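The values are calculated or read from the model by the stated rules, or taken from the named source; none is laboratory data. This one's a predicted model, so the numbers in the text were calculated from it and none came from an experiment. Cβ coordinates were reconstructed from backbone atoms using ideal geometry, including for glycine residues, and neighbour counts include every protein chain displayed.
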Amino acid sequence: MNYARTALLLAAMTGLFLVVGYFIGGQGGMVIALMIALATNLFAYWNADKLVLRMHGAQEVDAATAPQLHGIVARLAERAGLPMPRVYLMHNDQPNAFATGRNPANAAVAVTTGLLQRLDEQEVAGVLAHELAHVRNRDTLTMTVTATLAGAIGMLGSMAMFGLYSRDSRNNPLGAIGVILAMIVAPLAATLVQLAISRSREYEADRMGAAICGEPQWLASALAKIHNASLRIDNPTAESSPATAHLFIINPLHARAMDGLFSTHPSTEERIRRLQEMAGRTEPRPATASRGPWG
C-alpha cells in the first residue's frame with residue numbers, strides 16, 4: 001500500500017511540475033528548470049552522505065571501537081540480506097539515528113550517544129532495523145527524485161518572480177493571473193507532496209524494520225522514548241541545518257516555533273499504534289520481555 005501511495009505521489013509531483021512549468025516557464029523554461037534541478041540533486045545524491053555525516057560530526061566506529069553497536073548492525077544487515085553498512089557515532093545527547101548513502105553497497109547508519117545511553121539493546125536493534133529498512137527500500141533515491149521535482153518547481157517560481165518566463169507562458173488561459181497563482185501556490189503544493197512522500201516512507205520503514213528485527217514492540221518502545229526525549233533535549237546541529245531533519249527516525253527539531261509546521265515525519269503516536277497492531281496487542285510490553293535474536 002505504501003509503495004503504491006509513493007508512486008501516486010511521485011506521479012502527482014511530476015504532473016504538478018508539467019502543469020506549473022507550462023504556466024510559468026513555457027516549454028523552454030520548464031526544460032531549463034528541470035535540468036538545473038537535476039544537476040544539483042545528482043551532485044547531492046553522490047555526495048550527500050559524506051556532507052551530512054561531516055555536518056553532524058559523525059565518527060566511524062568498527063568492531064574494535066564499538067563492538068556491541070557494530071555487532072547489532074551486522075546481525076540486522078544479515079537478516080535483511082544487505083551488505084554491512086558503515087557505522088557512525090554522533091556525540092549528541094538527543095537520542096536519534098539516521099541512515100544515508102546512495103545505495104545498499106554505499107550505505108551508512110549513524111546513531112547518537114544519547115540513543116545508546118537511553119535505550120536498551122533491543123530498542124537500539126529496533127531503531128537500526130528501521131534505518132536498514134530505509135537502505136533496503138532505497139529511500140535515498142526516492143527522496144532525490146522528489147527533491148529534483150520540488151527544486152525545479154521552486155526554480156520556475158523564481159523565474160517568474162524575476163520575469164524570466166517565456167512568451168509561451170504568457171499565452172496560458174489565465175494570463176498573468178495564472179502565472180502569479182502558480183508562482184505562489186506551486187512551491188507550497190510541491191512541499192506538501194514532498195512531505196507526504198517522506199511520511200509514507202517512514203511508515204514503510206517502520207513496517208519493514210519490525211520484520212527485520214523480528215519484534216515490532218522493540219521499535220514501538222524505542223519511538224516512544226526517542227520522541228519524549230527529543231522534546232526536552234536540543235539537537236543544535238539539526239536546528240542549524242533543518243534540511244537534514246527528514247533523515248532522522250524522529251524529527252530532531254523543536255527549539256523554534258516553526259519547526260513543527262511542515263514536519264517530515266508522521267505522528268509518533270500513529271506509528272506506535274501501527275507497530276502495536278503488527279504485534280497483535282493494544283498495550284506495549286517491556287522490550288526486555290520480547291523474543292528474537294537478542295532475547
Identify, please: which residue in region 1-24 is of a type in the set (S, T, N, Q) and at pLDDT below 70 and is, among those, farthest from ALA205 (Cα to Cα)? THR6
Hits in region 99-124 (condition: buried (at least 24 other Cβ atoms within 10 Å of the Cβ) and modelled with pLDDT under 95): ALA99, THR100, ALA107
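Report whether or not GLN27 is at pLDDT 80 or above and surrounded by fewer than 16 Cβ atoms within 10 Å (Cβ to Cβ). Working first, answer last.
Details: at pLDDT 80 or above: no; surrounded by fewer than 16 Cβ atoms within 10 Å (Cβ to Cβ): yes.
The answer is no for GLN27.
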Failed item, numbered, when LEU82 is tested on (1) within 19 Å of the chain's Cα centre (by Cα); (2) surrounded by fewer than 24 Cβ atoms within 10 Å (Cβ to Cβ): (1)
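I need the full set of residues from region 49-99 which are assigned to a helix (DSSP H, G or I), farther than 21 Å from HIS265 by Cβ and touching a residue at least 60 places away in the same chain (Cβ under 8 Å), in order please. Spell out how you get there, then give the answer.
Keep residues of region 49-99 that are assigned to a helix (DSSP H, G or I), which gives 49-55, 67-80.
So of that shortlist, the ones also farther than 21 Å from HIS265 by Cβ come out as 50-51, 54, 67-80.
Hits for region 49-99 are ILE72, ARG75, LEU76, ARG79, ALA80.
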Would it be correct to say that ALA220 is surrounded by 22 or more Cβ atoms within 10 Å (Cβ to Cβ), modelled with pLDDT under 70 and not polar (S, T, N, Q)? no
Among the residues of region 224-254, how many are surrounded by fewer than 23 Cβ atoms within 10 Å (Cβ to Cβ), in contact (Cβ under 8 Å) with a residue 60 or more places away in the chain and closer than 11 Å to HIS56 by Cα? 3
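Are any residues in region 101-118 touching a helix residue (DSSP H, G or I) at 6+ places or on another chain (Cβ under 8 Å) and under 14 Å from LEU89 (Cβ atoms), and if so, which ones? Talk me through it step by step, then tell me what you get.
Step one: list which residues in region 101-118 are touching a helix residue (DSSP H, G or I) at 6+ places or on another chain (Cβ under 8 Å), which gives 101-104, 106-111, 114-116, 118.
Within region 101-118, ALA108, VAL109, ALA110, VAL111, GLY114, LEU115, LEU116 qualify.
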Collect the residues in region 100-118 that are of a type in the set (Ser, Thr, Tyr) and part of a helix (DSSP H, G or I), keeping them in residue-number order. THR113
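Regarding region 119-134, can at least one residue be identified that is outside any helix (DSSP H, G or I) and either in contact with a helix residue (DSSP H, G or I) (Cβ under 8 Å, 6 or more places away or on another chain) or touching a residue at least 12 places away in the same chain (Cβ under 8 Å) (or both)?
Yes, that holds for at least one residue.
Could you tell me which of the residues GLU270, GLU215 is under 18 Å from the mean Cα position of the chain (by Cα), at pLDDT 90 or above and of a type in the set (D, E, K, R)?
On the way: GLU215 fails: under 18 Å from the mean Cα position of the chain (by Cα).
Of the residues listed, the single one that is under 18 Å from the mean Cα position of the chain (by Cα), at pLDDT 90 or above and of a type in the set (D, E, K, R) is GLU270.
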